[in-house]
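Working notes, structure below.
The values are calculated or read from the model by the stated rules, or taken from the named source; none is laboratory data. Everything numeric here is computed off the predicted structure, so don't read it as measured data. Quick reminder, even Gly has a Cβ in these numbers, built from the backbone with ideal geometry, and neighbours come from all protein chains shown.
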Amino acid sequence: MARKIGIIGAMELEVEKLIEAMEEKKETKIGIRTFYEGKLEGTDVVLARCGVGKVNAGICVQMMVDRFGITDIINTGVAGSLNEKIDIGDIVLATNAVYHDMEAVAFGYERGQVPQMDVFAFPTSPELVEAAEKACLKVNPDVKVFKGRIASGDQFIADKETKNNIKKWFDPMCVEMEGCAMAHAAYINGINCLIIRAISDKADDSAEEDYPTFERKAAIHCAAMVREMMRNI
Ligand code: ADE
């Protein structure tokens with residue numbers, strides 16, 4: 001079956017750049033969301049911004065599955081680092097994703113476990129992770145790439161105590177607000193998922209200042225990576 005790749009970008013500049021690079025473009029509005037279908041570097045894609053947070057993310061993936069028949073979903077965006085080795089500007093490729101704000105301990109579930117799901121952490125596609133790593137080395141050779149767990153929740157983490165709790169509970173590489181919901185939706189639908197996150201801050205007291213400064217660079221790096229991946233998929 002021919003692949004059709006859903007791309008959900010968080011950053012306006014990045015999405016603008018990818019739309020500009022698309023051919024045979026078709027714009028479809030569904031409710032308040034706009035989807036751009038077409039070819040990116042010869043590959044069939046559908047591109048959208050999903051809004052902030054888990055529900056917006058999950059809904060956008062489901063719309064892409066139901067209305068556009070995507071076979072893969074790629075999410076790009078920024079994240080706060082939760083690991084001393086990972087600095088602002090580095091890129092994290094998720095190997096799996098957890099919710100740091102899912103908690104049903106009272107019913108005997110481990111913190112983070114979605115009750116009655118058969119997985120604890122939602123997996124991403126090893127094939128897409130490898131392709132993304134290769135693409136990044138080629139187009140952003142100065143950027144360090146890490147692979148590991150990401151944690152998502154409906155919270156911008158900007159204090160040490162919350163940061164340390166998430167580290168202690170899940171030991172993720174970074175924290176953001178959408179990735180796990182996309183991996184969860186991909187898991188339920190049986191499609192491939194990739195989450196690419198550029199580190200914008202350290203998820204502590206300086207997070208609010210660092211975030212806007214870095215966004216432009218992150219958008220350029222992510223757009224370049226996605227284009228390179230589409231050339232080779
Ligand atoms: N996205 C970028 N930085 C973040 C942070 N510190 N917390 C949650 N989401 C983020």
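Meeting the requirement of 3 or more residues that are surrounded by 15 or more Cβ atoms within 10 Å (Cβ to Cβ), the strands (runs of 3 or more DSSP E) wholly within region 9-101 are 33-40, 43-48, 72-81, 91-99. For region 144-180, the set of residues classified as closer than 16 Å to Ile196 by Cβ and among the β-branched types (Val, Ile, Thr) consists of Val145, Ile150, Val175, listed by residue number. Selection of first residues in region 64-78 that are among the acidic types (Asp, Glu) and of second residues that are modelled with pLDDT of 95 or more and in a strand (DSSP E or B), restricted to Cβ pairs under 7 Å at least 6 apart or on distinct chains, gives the following pairs, ordered by first then second residue: Asp72/Ile5; Asp72/Gly6; Asp72/Asn192.
Residues that are in contact with an Asp or Glu (Cβ under 9 Å, 6 or more places away or on another chain) and of a type in the set (Asp, Glu) within region 97-144 comprise just one, Asp101.
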